Number of protein chains: 2
Amino acid sequence: MLSKNKIRYVRSLESKKFRNAHNAFLAEGNKLVSDVLGAFECEWMLAKPSWMATQGDIPAGELLVDEYDEISKVSLLSTPQDVIAVFRRPAYDLSHADASASLVLALDGVQDPGNLGTIVRLADWFGIEHVVCSPDTADVFAPKAIQATMGAIARVQVHYTPLESFLKAASENSVPVYGTFMSGESLYGHALSEAGVIVMGNEGGGIRPEAEQFISHRLHIPAFAPGRATSESLNVAIATAIVCSEFRRPRENVS
Amino acid sequence: MLSKNKIRYVRSLESKKFRNAHNAFLAEGNKLVSDVLGAFECEWMLAKPSWMATQGDIPAGELLVDEYDEISKVSLLSTPQDVIAVFRRPAYDLSHADASASLVLALDGVQDPGNLGTIVRLADWFGIEHVVCSPDTADVFAPKAIQATMGAIARVQVHYTPLESFLKAASENSVPVYGTFMSGESLYGHALSEAGVIVMGNEGGGIRPEAEQFISHRLHIPAFAPGRATSESLNVAIATAIVCSEFRRPRENVS
């Protein structure tokens, strides 16, 4: 049986305040927990026997077999799955986010946890190992963000740091810093490097002046058929995907 | 003052059953309502004087000035804006979705209203005027979907029809039908036509066999750095964006 205290503790992790206080986060779902288990320290888990049978050794501090269908008492999902677990948050070293050697994403105030999680998932797809976020970007350990990563949180390091100093250092080391603007040069015609920083802005306001001052390459995703009335902008996760795809697509032979 | 009956009616449009019964849908927000107003018949509107002053003539069947801050009584948003309105649903002619003349998106059971709305928004960006959905795809007139279109619903026609017959007709007319699969050919190396159908599948299950049988070009979005452990898939809206960007980017000169 789950104690009331435990139920309260697990559900408290929906709030950033308690995630910070306990240095922990919540993950749910058969595939997600399986992915995360290989990457982070698990302090508590409640799982159905059927799911446990699909796993090898489960290194959890406290492992409860859900014989009484109690997952729904702690789950935040509308359709609870077979496992829910609490993990310790990782501590990452920002200096590993070396934009002179590989592509790094930088997020300037992305607000929606779903957008953030989706961006981490696509970063993983495109081989981007570090996502550097301004302190006011959504918390990637929020349940909605974790779920949207679909397990990519186990492979992508998400850092929180003042963007200005991170971009300033990149700029001083002659690392290319890309950003998308309404007024930039077409993404499709631009020579894109294999390493550097790609800055993506807030959903409504885009990239702030504090970050913009360090951008060396101003890009724009052109809408098709200019002149036609069209949407004014793209969702930030969609724009990130288009930019990352363009950076990672095989290079054309330039004659 | 808003009557209880009116409040009940407006809020009932959150449900597909009542949207169907009344052939109507709900839109909220200053920019969204402004966009939609030019495209669909407005049967009822509640707006603050400040918003109304930004508009020209407002052709609404019933127009209420929100002097008593009553928008929050009917709003579905966590932060209500200055206007909420009920519109008649449009009736579209599917025969205009001519995939021999332009790109058409076909959605095979996309479930999440946010994904669907985001896809409509990016279709608009990429000059795709018709999105053809299987009957079990999410309802684009659901409030969450409408909001996610960010007004693109005013410019993109969304059709619901059995995909099998739509794709069969395209196939019989030698229209190229593209779909993405885990096993397809790399999107980046493939010659992509300027007209045709792009089929995108359900979030979990992808494209079903009933639609797959008509696909003439099996594509795949390759992950970067093959061999590396990576996410198994991309969010469907993200995948749609990458595919559409690739179709619409300027063609390289083939020597």
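The values are calculated or read from the model by the stated rules, or taken from the named source; none is laboratory data. What you see is a predicted model; the values in this text were computed from it and never measured. All Cβ positions, glycine included, derive from the backbone under ideal geometry; neighbour counts span all protein chains shown.
Below are the figures for this structure:
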| item | result |
| --- | --- |
| Matching residues in region A:223-249 - criterion: being in contact with an Asp or Glu (Cβ under 7 Å, 6 or more places away or on another chain) and either surrounded by fewer than 21 Cβ atoms within 10 Å (Cβ to Cβ) or more than 7 Å from every other protein chain (Cβ to nearest Cβ) (or both) | A:T230, A:V236 |
| Qualifying residue in region B:163-185 (condition: within 14 Å of chain A (Cβ to nearest Cβ), under 29 Å from A:G114 (Cβ atoms) and exposed (fewer than 14 other Cβ atoms within 10 Å of the Cβ)) | yes |
| Yes/no for A:M200 being in a strand (DSSP E or B) and either away from chain B (no Cβ under 14 Å) or modelled with pLDDT of 95 or more (or both) | yes |
| Sole exception among (1) over 30 Å from A:S193 (Cβ atoms); (2) in contact with a Gly (Cβ under 7 Å, 6 or more places away or on another chain); (3) assigned to a loop (DSSP other than H, G, I, E, B) for A:L77, by number | (2) |
| Tally, over region B:131-154, of residues that are within 14 Å of chain A (Cβ to nearest Cβ) and closer than 19 Å to A:T230 by Cα | 11 |
| The listed residue being among the charged types (D, E, K, R), out of contact with any Cys (no Cβ under 9 Å at 6 or more places or on another chain) and modelled with pLDDT of 95 or more, out of A:E210, A:E232 | A:E210 |
| Extreme residue, farthest from the other protein chains (Cβ to nearest Cβ), among residues of region A:203-222 that are part of a loop (DSSP other than H, G, I, E, B) and in contact with a Leu (Cβ under 7 Å, 6 or more places away or on another chain) | A:F214 |
| Residue that is surrounded by the fewest Cβ atoms within 10 Å (Cβ to Cβ) [pool: residues in region A:10-21 that are without any contact (Cβ under 8 Å) to a residue 12 or more places away in the chain and over 18 Å from the mean Cα position of the chain (by Cα)] | A:K17 |
| The listed residue being among the aliphatic types (A, V, I, L, M) and more than 13 Å from every other protein chain (Cβ to nearest Cβ), out of B:A99, B:A123 | B:A99 |
| Residue list for region A:56-84, filter: free of Cβ contacts under 8 Å to residues at least 40 places away in the same chain and exposed (fewer than 14 other Cβ atoms within 10 Å of the Cβ) | A:G56, A:D57, A:P59, A:G61, A:E62, A:V65, A:E67, A:D69, A:S72, A:S78, A:T79 |
| Selection within region A:141-151 - closer than 18 Å to A:A241 by Cα and assigned to a loop (DSSP other than H, G, I, E, B) | A:M150, A:G151 |
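Each row is one residue, and each column tells you yes or no for (1) in a loop (DSSP other than H, G, I, E, B); (2) in contact (Cβ under 8 Å) with a residue 60 or more places away in the chain.
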{"position": "B:V86", "(1), (2)": "no, yes"}
{"position": "B:Y92", "(1), (2)": "yes, yes"}
{"position": "B:V110", "(1), (2)": "yes, yes"}
{"position": "B:T118", "(1), (2)": "no, yes"}
{"position": "B:G127", "(1), (2)": "yes, yes"}
{"position": "B:P135", "(1), (2)": "yes, no"}
{"position": "B:I153", "(1), (2)": "no, yes"}
{"position": "B:S165", "(1), (2)": "no, no"}
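Here's the yes/no breakdown for (1) in a strand (DSSP E or B); (2) of a type in the set (A, V, I, L, M); (3) without any contact (Cβ under 8 Å) to a residue 40 or more places away in the chain; (4) under 26 Å from A:A154 (Cα atoms):
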{"residue": "B:S183", "(1), (2), (3), (4)": "yes, no, yes, yes"}
{"residue": "B:E194", "(1), (2), (3), (4)": "no, no, no, no"}
{"residue": "B:R228", "(1), (2), (3), (4)": "no, no, yes, yes"}
{"residue": "B:S231", "(1), (2), (3), (4)": "no, no, yes, yes"}
{"residue": "B:L234", "(1), (2), (3), (4)": "no, yes, yes, yes"}
{"residue": "B:A241", "(1), (2), (3), (4)": "no, yes, no, yes"}
